[in-house]
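What follows is a short report on a single structure.
The values are calculated or read from the model by the stated rules, or taken from the named source; none is laboratory data. All values derive from a computational prediction rather than experimental measurement. So basically every Cβ, Gly included, is an ideal-geometry build from the backbone, and we count neighbours across all protein chains shown. To get the accessible areas, we keep the full protein, side chains included, count just its heavy atoms, and leave off ligands, DNA and RNA. Shrake-Rupley method; radii C 1.70, N 1.55, O 1.52, S 1.80 Å.
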Amino acid sequence: MECPVTARNSSPTIDVPAARALVADNPDVLIVDVRTPGEFETAHVPASINLPLDQVDAHLGRIVNDAGGRILLMCQSGNRATTACARLANAGLTDATVITGGMNAWVAAGGPVERGRQRWSLERQVRLVAGGVVLLAVVASVWVPAARFVAGFIGAGLTFAALTDTCAMGAMLSRLPYNRGAGCDVDRSLARLRNDRQQA
């Protein structure tokens, strides 16, 4: 079955209904979830593997060499998966596609999900921390006027994050124990990539 793939930020994408049909019709298609282990533990697509975005660069060569069949990349909303897709494409892996809307779209479309211990998504954590710091800075500026510059700094950081499609705060938060969950066995995830290649 052919699936509609479109370009978004130079990464090929596929919507959730087409992704579900592709996975059902092709056993060599593998969903690679690039969220944090904590997010993956909270909810993930059955039979998907977890390979956090912060591990992609460290294992880029192995991923490209071991990847077999088609890879569908997923995160919470699509941004991290798009970043991972671009890195993989630059390293020579051209058969990776981003699931549009990520886990948010998957759940909204009624896709099957395995659930575990509930945690906030990384995007939600960033909004909480950024909003909390800005609120505290504004309140503190009543007594310490210079505190308003902290709010300006956060605003500038969020603007930079939007323009560059990166998020330093999200990268820092992803390293917290809360987001590590049970941890990600990178070797096991890479072994799944290798096994799928041998079976393809």
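A few remarks follow.
- Separation in nanometres of the label points that stand 7 Å from Cα toward Cβ, at residue 47 and residue 147: 5.4 nm
- Antiparallel DSSP beta bridges within the chain, percent to nearest 5: 30 percent
- Shape call, the chain: gyration tensor on alpha carbons, a/c limit 1.5: prolate
- Mean separation of Cα contacts under 8 Å, 6 or more apart, over the residue count of segment 107-184: relative contact order %: 28 percent
- Across the accessible surface of the chain, with the other protein chains kept in place and a 1.4 Å probe, carbon and sulfur atoms take up 60 percent.
- FRET E, pair residue 108, residue 139, Förster distance 35 Å, beta-carbon r, rounded to 0.05: 0.45
- Ordering of 155-164, 133-142 by burial proxy (mean other Cβ atoms within 10 Å per residue, highest first): 133-142, 155-164
- Contour excess over end-to-end distance, with Cα ends at residue 166 and residue 54 and 0.36 nm allotted per residue: 39.1 nm
- Pairwise centroid distance, computed over Cα atoms, of segment 53-73 with segment 96-131, Å: 21 Å
- Sparsely packed trypsin sites (Lys or Arg not before Pro) within segment 93-182, loop by DSSP, other Cβ within 10 Å at most 15: 117, 175
- Average Cα contact separation per residue, segment 59-151, under 8 Å, 6 or more apart, as relative contact order %: 21 percent
- Across the chain, the relative contact order, built from alpha-carbon pairs under 8 Å that are at least six residues apart, equals 28 percent.
- Accessible solvent surface per residue of the chain, calculated while the other protein chains remain in place, 1.4 angstrom probe, Å²: 52 Å²
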